[in-house]
């Protein structure tokens with residue numbers, strides 16, 4: 001019985017630790033922090049030169065989606081060298097602020 005209880009508690013603890021944490025963002029603070037993002041993601045119909053692909057518009061995306069994506073770029077679990085370079089030095093609050101701004105952009 002003790003072994004089963006320990007296993008369940010360990011599973012719950014791992015689940016909690018693995019769950020993404022979403023911070024409450026400040027859209028006004030995010031306006032300045034998202035300046036770099038808008039250089040690519042705020043231009044209608046923009047395509048990168050190499051490799052050629054459409055850059056998604058982020059305005060109106062859900063804040064949780066943007067936070068999840070930026071954290072994945074930070075960790076390297078979502079691959080894109082430019083996005084990794086842009087996201088790697090952002091704090092959790094920076095990410096939350098950018099996400100709050102872009103959600104309503």
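What number of residues within region 55-97 satisfy the criterion of being part of a helix (DSSP H, G or I), without any contact (Cβ under 8 Å) to a residue 60 or more places away in the chain and closer than 18 Å to residue 40 by Cβ?
So the count comes out to 14.
Residue check: is residue 100 buried (at least 17 other Cβ atoms within 10 Å of the Cβ), touching a residue at least 40 places away in the same chain (Cβ under 8 Å), under 13 Å from the mean Cα position of the chain (by Cα) and assigned to a helix (DSSP H, G or I)?
It is true that residue 100 is buried (at least 17 other Cβ atoms within 10 Å of the Cβ), touching a residue at least 40 places away in the same chain (Cβ under 8 Å), under 13 Å from the mean Cα position of the chain (by Cα) and assigned to a helix (DSSP H, G or I).
Looking at the structure I just gave you, is residue 25 surrounded by 10 or more Cβ atoms within 10 Å (Cβ to Cβ), touching a helix residue (DSSP H, G or I) at 6+ places or on another chain (Cβ under 6 Å), modelled with pLDDT of 75 or more and not in a loop (DSSP other than H, G, I, E, B)?
For residue 25, the condition - surrounded by 10 or more Cβ atoms within 10 Å (Cβ to Cβ), touching a helix residue (DSSP H, G or I) at 6+ places or on another chain (Cβ under 6 Å), modelled with pLDDT of 75 or more and not in a loop (DSSP other than H, G, I, E, B) - is not met.
Among residues belonging to region 48-81 that are in contact with a strand residue (DSSP E or B) (Cβ under 9 Å, 6 or more places away or on another chain) and exposed (fewer than 11 other Cβ atoms within 10 Å of the Cβ), point out the one that is modelled with the highest pLDDT.
Filtering region 48-81 for residues that are in contact with a strand residue (DSSP E or B) (Cβ under 9 Å, 6 or more places away or on another chain) and exposed (fewer than 11 other Cβ atoms within 10 Å of the Cβ), the one modelled with the highest pLDDT comes out as 54.
Which residues, counting only those in region 62-91, are out of contact with any helix residue (DSSP H, G or I) (no Cβ under 8 Å at 6 or more places or on another chain) and within 17 Å of residue 26 (Cβ to Cβ)?
91
The values are calculated or read from the model by the stated rules, or taken from the named source; none is laboratory data. This one's a predicted model, so the numbers in the text were calculated from it and none came from an experiment. Quick reminder, even Gly has a Cβ in these numbers, built from the backbone with ideal geometry, and neighbours come from all protein chains shown.
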